[in-house]
1. Can you give me the P(r) profile for the stretch 3-127? Cα pairs, bins 5 angstrom wide beginning at 0, each as a whole percent.
2. Taking the dipole about the Cα centre of the chain, with the C-beta of Lys and Arg at +1 and of Asp and Glu at -1, give me whichever of PRO28, TRP202, LEU351 is farthest to the positive side.
3. For ARG161 and GLU184 in the same chain, what is the full-extension length gain: residue separation times 0.36 nm, less their Cα-Cα distance, in nm?
4. If each residue of separation counts as 0.36 nm, what is the full-extension length gain between THR25 and GLU117 once their alpha-carbon separation is subtracted?
5. Quick one: which residues, 5+ away or cross-chain, put their amide H under 5 Å from the amide H of LEU30? H built at 1.01 Å from N.
6. How many nm is it between the label spots at SER134 and TRP302, if each spot is 7 Å from the Cα in line with the beta carbon?
7. I'd like the projected area of the chain, averaged over all directions, using the convex hull of its alpha carbons. Report it in nm² with one decimal.
8. Got a sec? How would LYS233, LYS174 order by Cβ neighbour count within 10 Å, fewest to most?
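All of the numbers you see were taken from the coordinates with simple rules; none came from a lab. Model, not experiment: these values are computed from the prediction. Every residue, glycine as well, gets a Cβ built from its backbone with ideal geometry; the counts of neighbours run over all protein chains shown.
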Amino acid sequence: SPVIVLLRRDLRIRDNGALAAAADTGRPVLPIFILDEENDGVRPIGAASRWWLHHSLHGLQKALKKVGAELVLKRGRTADVVAEAIDASGADTVFWNRRYDPAEAAVDAALKTGVRERDIVARSFDGALTHEPSLLKTGSGGFYKVYTPFWKALESGVEPRDPIDPPSSIQGLKGSLDGLTLDELGLLPAKPDWSAGLRECWTPGEDGAHRRLHDFIEESLPDYERSRDIPGKAGTSGLSPHLTFGEITPFQILAALHKSHGAGAAKFRKELAWREFSYHLLFHNPHLRDRAFRPEYDDFEWRRDGKALKAWQRGLTGYPIVDAGMRELWRTGWMHNRVRMIAASFLIKDLLIDWRDGERWFWDTLVDADPANNPASWQWVAGSGADAAPYFRIFNPVLQGERFDPDGDYVRRWVPELAKLPDRFLHKPWEAPPALLAESGVTLGETYPAPIVDHHAARDRAMKAYRAVRSDE
Ligand code: FAD
């Protein structure tokens with residue numbers, strides 16, 4: 001009888017343990033994607049991610065077709081869809097690759113119990129992470145809260161396995177289960193269609209992922225350690241959305257890096273391990289996105305300021321590096337890591353707005369919106385996370401801009417109304433002499449906003465607010 005394979009955050013046919021195992025049985029295979037947003041606690045994906053998912057599914061449909069299988073698209077509760085698929089196809093086996101978001105993992109755990117009660121074989125496989133969060137333990141048997149020992153544990157652990165070959169052919173099972181068309185899943189923005197900027201930047205899907213990896217290793221990896229912090233350069237891999245949707249696995253990336261021994265490759269491996277660390281934290285802290293990891297931070301008195309939040313979201317704060325980042329995000333669905341830190345610090349510390357508001361905005365607008373990396377990074381910046389930036393580290397948006405965007409390439413690209421300002425005033429236009437502003441076509445408050453807060457006053461306010469909740473002060 002047939003084998004059902006569930007495909008969710010593993011939209012690939014290469015290094016896909018569940019799919020390979022199903023193909024190896026030699027029996028008919030029924031691959032199903034389920035858009036399951038109907039279980040308690042499962043977080044619906046954001047608008048930019050939906051756009052990505054649409055295109056990624058399109059690629060997966062084609063790739064599966066090439067090897068002989070047909071992807072069935074469904075919407076609903078996972079357990080109900082699988083039960084329907086078993087009844088319709090007569091399958092006696094269900095395979096899937098493990099998910100680590102706690103709500104999604106709970107859905108899969110319940111599925112396993114449920115189908116086994118019907119004498120159906122259920123088996124899950126690895127793929128998304130090189131370590132199993134439930135298995136990696138500290139010396140005292142707990143979980144890791146600090147990155148460096150976590151990284152050491154990964155490094156001294158078992159070597160990550162080799163990638164699994166894609167099936168060369170699969171015996172497809174046609175017509176046994178009715179599915180939706182891709183358009184019926186309703187993932188694309190319609191009125192208005194705001195996805196032009198995303199289309200220009202990205203090629204969602206497995207082939208796009210491997211092309212990015214290849215180009216990155218050829219062009220940017222050797223200098224990664226230095227150029228990864230310069231937002232005006234394409235110095236990072238851009239693999240994050242591909243990883244988030246499981247179009248490529250860390251096993252494949254590490255295997256491709258095998259022959260790279262320089263400082264760039266060493267740094268890149270450590271960044272990949274931050275992703276593993278975020279998942280480790282999420283697995284052990286299911287409420288990572290709605291509760292502060294350090295409980296005293298839940299008493300923090302955040303300001304409610306809808307106007308300031310909106311100015312931040314639209315890239316109209318009057319701080320050029322922050323605004324450039326927020327506009328890059330809006331246009332492309334991605335923001336450079338350095339600028340994510342600056343923009344997040346500005347929301348939390350300069351505006352004293354709850355980090356959860358920022359996390360939600362990123363969740364909706366990032367193509368790489370990730371259940372682990374997003375909340376873990378926001379808590380890191382807020383200082384409420386496990387291995388967090390110290391609370392007194394408040395990014396100065398002017399100094400950060402001058403240091404990491406010294407030639408102003410980044411700000412000029414995303415805030416073109418400031419493009420004519422000379423470098424020395426580009427990150428602080430309010431200090432430019434009026435004649436120079438006029439010459440550059442800038443009228444503060446009209447063509448570009450005056451700063452919505454004074455950074456130095458905001459910094460003092462934040463320090464006071466933070467000291468009030470810190471029990472260790
Ligand atoms: P590269 O530098 O090429 O790194 C390769 C991969 O390593 C990335 O794709 C990512 O999977 C991982 N990685 C790199 N840096 C980090 C990091 N600091 N933390 C965790 N993993 C990392 N990353 C997401 O994937 N999804 C998110 O939703 C997300 N939200 C963030 C929110 C904030 C406030 C901040 C400060 C960071 C966030 N990050 C998030 C982490 C980081 O900014 C992105 O992973 C990175 O910018 C992606 O670009 P890249 O693939 O070119 O990175």
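1. In whole percents, the pair-distance histogram is 2, 11, 22, 25, 23, 12, 4, 1.
2. LEU351
3. 4.5 nm
4. Working: separation 92, 0.36 × 92 = 33.12 nm, distance 2.21 nm.
Stretched fully, the THR25-GLU117 segment lengthens by 30.9 nm.
5. Amide H neighbours of LEU30: VAL3, ILE4, VAL5.
6. 3.2
7. Mean projected area of the Cα convex hull: 23.6 nm².
8. Going from sparsest to densest Cβ surroundings: LYS174, LYS233.
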